[in-house]
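Peer 1: Sharing a structure below in structure tokens format, with a few things to ask.
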Amino acid sequence: MKTKDNFKIVTKDKQVFDMLDDFCVLVERFIVYSPKPEIKTDKIDGHHGAIKIDKTFGERKIEAICSYSSSDYYDATLLEGNLNQLFNQQDEFYIIRDLEPGKRWVVETSDEWSFSKIGTFGEFTIQFVSHSSFAESVGTTLDPFTFDAELWQVGQGLVAEDLVYAHSTTSFRIFNAGDVSIDPREYPLVIKYQGASTNLKIKNETTGEEWSINDSTEANDTLTLDGIRSLKNGVSVFGKTNKKLITIASGWNDFTLTGTSGSFLISFDFRFYYF
């Protein structure tokens, strides 16, 4: 029987390992520490206190307290070797809790660890670190928002309205269900415009940010804003843009397009991020 804190490991090459089903390991406790606030201040001579300049959040510590029972000493030793191989890989991997199947943590082990054994019974505590301050949604905005997709969960900030992230009109709304603004300098964000245009402008009316390009496209062309890059049919056109970026604020974002011509499709592909 799985404990409430059971989790899965998903490697970057999409291999999935369930702690109980694949290793017969019981996760007794799974603890996610809050992010450590990192506050920058300045002191002015002759003034009381300090002036706040900036506030960011640091890495997250995650701790898993586990136990297992093996049929004999040799099986226990084999299990320990398999777990060491899984957890001590060079690449980061994902942890997805059974309690929150729509969210994942990007982690790696952060400290040495060992097994405490009595016969065929053993216990261990493993420390992870997420270099991101936030969990991220398993699904992206271009995945189906249905329960059948098995990518989403209750309590993920999703609203009852139909969420659409591909539009063919010059004004529309984009919803960010996460706690954090999507800044393409920090988080993956891909905006694609497919169709004809002349001096296209994409404006987020909610944030006041506008991206524009001094160029034209034909019906079969694709403009892509991929992170900080601006591409036309896969070739950089950054020098023809206003060198600005679009971010997606938490909640609803109102967008307008100018410079479109004929039929087109614009799509937004990103994940949601959570405390």
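Peer 1: At R0 = 30 Å, how high is the FRET efficiency between THR140 and ASP45 if r is their beta carbon distance? Nearest 0.05 is fine.
Peer 2: The calculated FRET efficiency here is 0.05.
Peer 1: On to the next question. Expressed as a whole percentage, what fraction of the accessible surface of region 184-275 belongs to carbon and sulfur atoms when a 1.4 Å probe is rolled over the protein heavy atoms?
Peer 2: Here carbon and sulfur together make up 47 percent of the probe-accessible area.
Peer 1: Could I ask something else about it? Using a 1.4 Å probe on the protein heavy atoms only, what accessible surface does PHE238 show? Give it in Å² to the nearest 10.
Peer 2: 90
Peer 1: Compare GLU28, GLU80, GLU100, GLU186 by solvent-accessible area with a 1.4 Å probe and give them largest first, with all protein chains kept in place.
Peer 2: Numbers: GLU28 90, GLU80 25, GLU100 55, GLU186 130 Å².
Ranked list, largest accessible area first: GLU186, GLU28, GLU100, GLU80.
Peer 1: For LEU158 and ASP72 in the same chain, what is the full-extension length gain: residue separation times 0.36 nm, less their Cα-Cα distance, in nm?
Peer 2: Going from the current span to full extension adds 26.2 nm.
Peer 1: May I pose another question? What base-10 log of the normalised intensity I(q)/I(0) is obtained for region 1-152 from the Debye formula, alpha carbons as equal point scatterers, at q = 0.11, 0.14, 0.15, 0.17 Å⁻¹?
Peer 2: Cα-only, vacuum Debye calculation for region 1-152: -0.53, -0.76, -0.84, -1.01.
Peer 1: What number comes out for accessible area per residue over region 183-275 if the probe is 1.4 Å? Units Å², please. List each step's numbers first, then the result.
Peer 2: Details: 4390 Å² over 93 residues.
About 47 Å² of surface per residue is accessible.
Peer 1: Determine the principal axes of the Cα atoms in region 164-272, then give the extent along each, sorted from largest to smallest and rounded to whole angstroms.
Peer 2: Principal-axis extents of the Cα atoms in region 164-272, largest first: 37, 25, 21 Å.
Peer 1: Ignoring ligands, DNA and RNA, how do GLU161, GLU112 rank by accessible area with a 1.4 Å probe, largest first?
Peer 2: Listed by decreasing accessible area, they come as GLU112, GLU161.
Peer 1: Here's another thing I want to ask about it. Calculate, axis by axis, the spread of Cα positions in the chain along the three principal axes, and write the results as whole Å, longest axis first.
Peer 2: Principal-axis extents of the chain (Cα, largest first): 74, 61, 37 Å.
Peer 1: Using only protein heavy atoms and a 1.4 Å probe, report how much of LEU151 is accessible, in Å² to the nearest 10.
Peer 2: Roll a 1.4 Å probe over it and LEU151 shows about 40 Å².
Peer 1: Relative to the Cα centre, what is the charge dipole magnitude of region 51-166, using +1 at the beta carbon of each Lys and Arg, -1 at the beta carbon of each Asp and Glu, and rounding to the nearest 20 debye?
Peer 2: The calculation lands at about 420 debye.
Peer 1: For GLU59, tell me the accessible area in Å² from a 1.4 Å probe, rounded to the nearest 10.
Peer 2: 100
Peer 1: In whole Å, what is the distance between the alpha-carbon centres of region 1-76 and region 179-231?
Peer 2: Comparing the Cα centres of region 1-76 and region 179-231, I get a distance of 35 Å.
Peer 1: Given Cα pairs under 8 Å that are at least 6 residues apart, what percent is the relative contact order of the chain?
Peer 2: About 17 percent, as a whole number.
Peer 1: Against the empirical 2.2 N^0.38 Å scaling, what ratio does the C-alpha Rg of region 213-275 come to?
Peer 2: 1.26
Peer 1: Tell me, what is the per residue accessible area of region 63-102 in Å², probe radius 1.4 Å?
Peer 2: 52
Peer 1: Please list ARG271, ARG173, ARG185 from largest to smallest accessible area, probe radius 1.4 Å, with all protein chains kept in place. Kindly include the intermediate steps, with their values, before the conclusion.
Peer 2: Values: ARG271 55, ARG173 105, ARG185 160 Å².
Listed by decreasing accessible area, they come as ARG185, ARG173, ARG271.
Peer 1: Can you show me the helix-derived [θ] at 222 nm for the chain, built from DSSP H runs with n ≥ 4 at -39,500 (n - 2.57) apiece and divided by the number of residues, rounded to the nearest 500.
Peer 2: -2000 deg cm²/dmol
Peer 1: Also, quick follow-up: In nm, what is the difference between 0.36 nm times the number of residues separating GLU63 and GLU205 and their Cα-Cα distance?
Peer 2: Values: separation 142, 0.36 × 142 = 51.12 nm, distance 4.16 nm.
Contour length minus Cα-Cα distance gives 47.0 nm.
The values are calculated or read from the model by the stated rules, or taken from the named source; none is laboratory data. Computed from a prediction, not measured in an experiment: that's the story for all the values here. In this analysis, Cβ positions are derived from the backbone assuming ideal geometry, glycine residues included, and neighbour counts consider all displayed protein chains. Please note that ligands, DNA and RNA were not included when accessible areas were found on the heavy atoms of the full protein model with its side chains. Shrake-Rupley method; radii C 1.70, N 1.55, O 1.52, S 1.80 Å.
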